Amino acid sequence: MYCIKCGTEIKPGQKFCTNCGTPAPSSPNQRESDQQETGQDRGASQTTTDQKEDAKNVESYDAHTIVDTLNQYVGGSKEHVSLNWKVLFKDVFKSHSPEEAEEIFACGSPTTTPDPQNVTSNWPHPWLYSRVFFGFVIAFFILKICAETFENEKVLPGLMVIGSFAAPFALVVMFMELNVFKNISFYYVMKTFLIGGCASLLLTMILYSFVVPQDNDMTYAVAFGVSIAEELGKALIVLFFLKRITKTHSILIGLLVGASVGAGFAAFESAGYAFDTMLIGSRWEDFIGIIYLRGFLAPGGHVAWAAISGVAIVLANRSEQISINVLGEMRFWKLFIIPIICHWLWDSPIEWGSDYYLVQLILCVVIWIFVLLLVNMGLKEVDEDTPATVQQ
């Protein structure tokens, strides 16, 4: 047998010409065999196609991640959801004018609240919170220099307050920026932050006497009692401030009002811890260290927990006016259990990774997954024809 192109002899068994690479001509028997193989190949190809289709379906099913499961748990759709966490930092390092900052704070009045038709469901790009935080940080280190260099104890109260308020208040500004409806004024946010924070501390101390076991050590039982008292105390104050808002109650408003109360609680509590460290005569490094630590962990604590409680109240509400009746709704407890469990684990005497606060860091990530899912749900309300007050 010879090559049909160059004439080179092709020995039996060779499939290609060794000189030019042309495929060898097939004999009748070979053609029959080729046809059988072609049929088998087609069958195999069809099988492979079916397997790929099945694999695609399995892959589509597996693409339902744990985040999607959590999204359905909090009340979101069954569609795949993206957390969009990078959006929270995308505009932080960009240049912004003072007018842009003033525009963010100038909201909530009849003249500054945008028409609902002009509100977009696109993810906002918050940035002002970073400027507020760095403003606090600069003030903190100026006072720290005064205390360390000149040994002036008169700056210590300011140092405690500035250091304790920096992260919580910056987070409140972030939730203001995330509220695309821009229908809550900065005045109301500040009132919720200051009065709501103090009132939640008072109510928590009252609840302590009922639900916290009288034990000097932080056991699992004590940690659970503390989580119930503090989360319920904050939730009741959040409910009070949400009830006073006559505008449509949306998820984003629930997040903002809840975060404001939680931030006030966190700020005053952190200042108390710092003051207590100073009273017992601890070292200067311990005093500064407690401020650093609580500021670093603040995003995953009271601010986020109370924000979720605010959404739980909004979603559980069945009437136009929010009432205490939401506490009896299963929808409320389905969400409210999240901050309770996170708070309980946060305070529990778990030894694993305690030197590096690994449990607290993991809980920070977990709670912000829930927060971002709720922000996503809140943005979807913009495109809905139904009122933002969810009817269940």
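Note on GLU320 and LYS86: their simple-model spin labels are 4.5 nm apart, each label 7 Å out from Cα toward Cβ. Checking the Cα-Cα distances for LYS94/LYS234; LYS154/LYS234; LYS182/LYS243; LYS90/LYS234; LYS90/LYS182 against a 24 Å cut-off, the pairs over it are LYS94/LYS234; LYS154/LYS234; LYS90/LYS234. Full extension of the chain segment joining GLU102 with MET330 gains 78.0 nm, where the gain is 0.36 nm per residue of separation less the Cα-Cα distance.
Leaving out ligands, DNA and RNA, what percent of the accessible area of segment 295-342 is carbon and sulfur, probe 1.4 Å? Roughly 66 percent, rounded to a whole number. The residues of segment 153-237 present an accessible area of 42 Å² per residue when probed at 1.4 Å with all protein chains retained.
Local charge for THR204 was computed over the other residues whose Cβ lies under 10 Å away, with Lys and Arg +1 and Asp and Glu -1, and equals -2.
For every other residue with a beta carbon closer than 12 angstrom to the beta carbon of SER97, add +1 if it is Lys or Arg and -1 if Asp or Glu, then tell me the sum. Charge balance near SER97 sits at -2.
Carbon-plus-sulfur accessible fraction, segment 163-293 (probe radius 1.4 Å, protein heavy atoms only): 68%.
Each Lys or Arg adds one and each Asp or Glu subtracts one; over the other residues with Cβ under 11 Å from the Cβ of SER164, this totals 0.
Put +1 on the Cβ of every Lys and Arg and -1 on every Asp and Glu Cβ in segment 151-237; which of ALA235, THR219, SER209 then has its Cα farthest towards the positive end of the dipole? Result: ALA235.
Accessible surface comparison of TRP333, TRP346, TRP284, TRP85, probe 1.4 Å, protein chains only, largest first: the order is TRP85, TRP333, TRP284, TRP346. Extension gain for ASN152-GLU351 works out to 67.8 nm (0.36 nm per residue, less the C-alpha to C-alpha distance). Highest mean packing first, where packing is the average number of other Cβ atoms within 10 Å per residue, the peptides 66-77, 259-270 line up as 259-270, 66-77. A Förster radius of 41 Å, combined with the Cβ-Cβ distance separating ILE341 from GLN117, puts the computed FRET efficiency at roughly 0.55. Solvent-accessible surface of segment 306-392, averaged per residue with a 1.4 angstrom probe and all protein chains in place: 47 square angstrom. For ARG283, the solvent-accessible surface computed with a 1.4 Å probe is close to 150 Å², ligands and nucleic acids excluded. Ordered from highest to lowest accessible area with the whole protein assembly present and a 1.4 Å probe, MET377, MET190 read as MET190, MET377.
The values are calculated or read from the model by the stated rules, or taken from the named source; none is laboratory data. Everything quoted here is computed from the prediction, not taken from an experiment. For neighbour counting, all protein chains shown are included, and Cβ atoms are generated from backbone atoms with ideal geometry for every residue, glycine included. Just so you know, the surface numbers come from the protein's heavy atoms only, side chains and all, with ligands and any DNA or RNA stripped out. Shrake-Rupley method; radii C 1.70, N 1.55, O 1.52, S 1.80 Å.
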